[in-house]
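Below is one structure, written out as structure tokens; the observations come after it.
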Amino acid sequence: MARVPYLGKDDLPEEYHDLLQRDINLAKLYAHSPEAGRGLARVGYWIRYKCDLDPRLRELAILQVGYLSRTPYEYSHHIKIGRDFGVSDDDIRAIALETEGEESDIDELAALVLRGAREMTSGLEMKDDTFKALHKELGDAGIVDLTIVISFYNSVIRFLTNLRIDVEDDYLPFLEEFPLPD
């Protein structure tokens, strides 16, 4: 159960109703700090719709952050979003395998992206060999975009976890289909 109450439009001045355009618990909590919520929403919008990074790779990085951190909200939401951007069920299963150090059939660049996301999530920084390999594949702008995406979602999982934001019922089936490790 969330540590602070979820807000609805009736709880906010009309100038902040736009924060609740998406009927998700994340928005209902960041609405407690409307200007910060707008800032988070702007970055999230840029990542999803304006970032030049391949959308499948972007979503794989986000899913890796959610999986490694065992954050049900992030993970379940980005299974749905990832599917909309070309992430396959085999890709999602590969995240679990790659996280455990096992081989998967995922392509080499995607495996590198997953490794970079794991390194940044568990150790704050990509190892030099991972960074160099990704930089070679993605170029300057691509490696910066990937680093922004991974960093932002590492921030989001801390927000979700500390406020104990509940997974909405519509997203629970994704956790049953692709469970997080204990």
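Odds and ends about this structure:
- Candidates Ser76, Ser33 - the one that is assigned by TED's automatic domain parsing to the domain that holds Leu172 and either closer than 16 Å to Ile157 by Cα or of a type in the set (Ser, Thr, Tyr) (or both): Ser76
- Failed item, numbered, when Arg58 is tested on (1) within 21 Å of Asp169 (Cβ to Cβ); (2) modelled with pLDDT of 95 or more; (3) charged (D, E, K, R): (1)
- Of all residues in region 111-132 being of a type in the set (A, V, I, L, M, F, W, C) and modelled with pLDDT of 95 or more, the one that is farthest from the chain's Cα centre (by Cα): Phe131
- Yes/no for Thr147 being touching a Lys or Arg at 6+ places or on another chain (Cβ under 6 Å) and among the hydroxyl-bearing types (Ser, Thr, Tyr): no
- Residues (over 15 Å from Glu74 (Cα atoms) and in contact with a helix residue (DSSP H, G or I) (Cβ under 8 Å, 6 or more places away or on another chain)) located in region 36-54: Ala36, Gly37, Arg38, Val43, Cys51, Asp52, Leu53
- Residue-level check: of (1) modelled with pLDDT of 95 or more; (2) buried (at least 18 other Cβ atoms within 10 Å of the Cβ), Gly37 misses just (1).
- Region 61-98, subset over 20 Å from Glu168 (Cβ atoms) and of a type in the set (Gly, Ala, Ser), residue surrounded by the most Cβ atoms within 10 Å (Cβ to Cβ): Ala61
- Residue match in region 32-50 (condition: touching a residue at least 60 places away in the same chain (Cβ under 8 Å) and among the charged types (D, E, K, R)): no
- Just so you know, in region 51-85 the residues that are among the hydrophobic types (A, V, I, L, M, F, W, C) and without any contact (Cβ under 8 Å) to a residue 40 or more places away in the chain include one that is farthest from Leu180 (Cα to Cα), and it is Phe85.
- Among residues of region 160-182, those that are closer than 18 Å to Ala117 by Cβ and surrounded by 15 or more Cβ atoms within 10 Å (Cβ to Cβ), counted: 4
The values are calculated or read from the model by the stated rules, or taken from the named source; none is laboratory data. A quick note: this is a predicted structure, and the numbers were derived from the prediction, not measured. In this analysis, Cβ positions are derived from the backbone assuming ideal geometry, glycine residues included, and neighbour counts consider all displayed protein chains.
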